[in-house]
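K.L.:
Here's a structure for you.
The values are calculated or read from the model by the stated rules, or taken from the named source; none is laboratory data. Fair warning: this is a prediction, and the values are worked out from it, not measured in the lab. Backbone-built Cβ (ideal geometry, glycine too); neighbour counts: all protein chains shown.
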Amino acid sequence: MHNQKSPSLGGVRGGLYELKGEEYIELIKLLKIMRISESGGQAKMMVDDGIVFRNGEPELRKRAKLRSGDVIEVMEYKIRIE
């Protein structure tokens, strides 16, 4: 299983997602695993709505391949990929 941590950072929910030998994780899969979205459909809508940011830029690709060093921000969540 993947290692995920979600400490609270003063109103921003921060977290870490470790790839654990995988090359990447797809954006919508990350949103589901980290429980930011309740379903794949909801994750896709979040991306379509333009509220998901990758490294400070809007990410509109649902299946964007997130790699080590990427930072995803959506609503009050900030997730770093390692």
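K.L.:
Condition first: surrounded by 14 or more Cβ atoms within 10 Å (Cβ to Cβ), of a type in the set (A, V, I, L, M, F, W, C) and touching a Lys or Arg at 6+ places or on another chain (Cβ under 7 Å). Can you find one or more residues in region 33-41 that meet it? Before you say what the answer is, go through the steps one by one.
P.N.:
Residues of region 33-41 that are surrounded by 14 or more Cβ atoms within 10 Å (Cβ to Cβ), as a first pass: 33-34, 36-37.
The next check asks that each one be of a type in the set (A, V, I, L, M, F, W, C); those that pass are 33-34, 36.
With touching a Lys or Arg at 6+ places or on another chain (Cβ under 7 Å) added as a condition, the list becomes none.
Looking for residues that are surrounded by 14 or more Cβ atoms within 10 Å (Cβ to Cβ), of a type in the set (A, V, I, L, M, F, W, C) and touching a Lys or Arg at 6+ places or on another chain (Cβ under 7 Å), one finds none in region 33-41, hence no.
K.L.:
Here are some conditions: (1) crowded, with 19+ Cβ neighbours inside 10 Å; (2) in a loop (DSSP other than H, G, I, E, B). Ile72 meets all but one. Which one does it not meet?
P.N.:
(2)
K.L.:
Go through (1) modelled with pLDDT under 95; (2) touching a helix residue (DSSP H, G or I) at 6+ places or on another chain (Cβ under 6 Å); (3) charged (D, E, K, R) and name the single condition Glu76 misses.
P.N.:
(2)
K.L.:
Moving on to the next point. Could you list all residues from region 52-80 that are farther than 12 Å from Leu31 by Cα and of a type in the set (Val, Ile, Thr)?
P.N.:
Within region 52-80, Val71 is the sole residue that qualifies.
K.L.:
Please enumerate the residues belonging to region 54-82 that are of a type in the set (Gly, Ala, Ser) and under 20 Å from Gly40 (Cβ atoms). Steps first, answer last, please.
P.N.:
Within region 54-82, the subset of a type in the set (Gly, Ala, Ser) is 56, 64, 68-69.
Scanning region 54-82 gives a single hit, Ala64.
K.L.:
Now a separate question. Could you check, for region 33-52, whether at least one of its residues is at pLDDT 95 or above and either at positive phi or part of a strand (DSSP E or B) (or both)?
P.N.:
Yes, some residue in region 33-52 is at pLDDT 95 or above and either at positive phi or part of a strand (DSSP E or B) (or both).
K.L.:
From the set of residues in region 42-69 that are surrounded by 14 or more Cβ atoms within 10 Å (Cβ to Cβ), touching a strand residue (DSSP E or B) at 6+ places or on another chain (Cβ under 7 Å) and of a type outside the set (Phe, Trp, Tyr), which is farthest from Gly14 (Cα to Cα)?
P.N.:
Ranking the qualifying residues of region 42-69, first place goes to Ala64.
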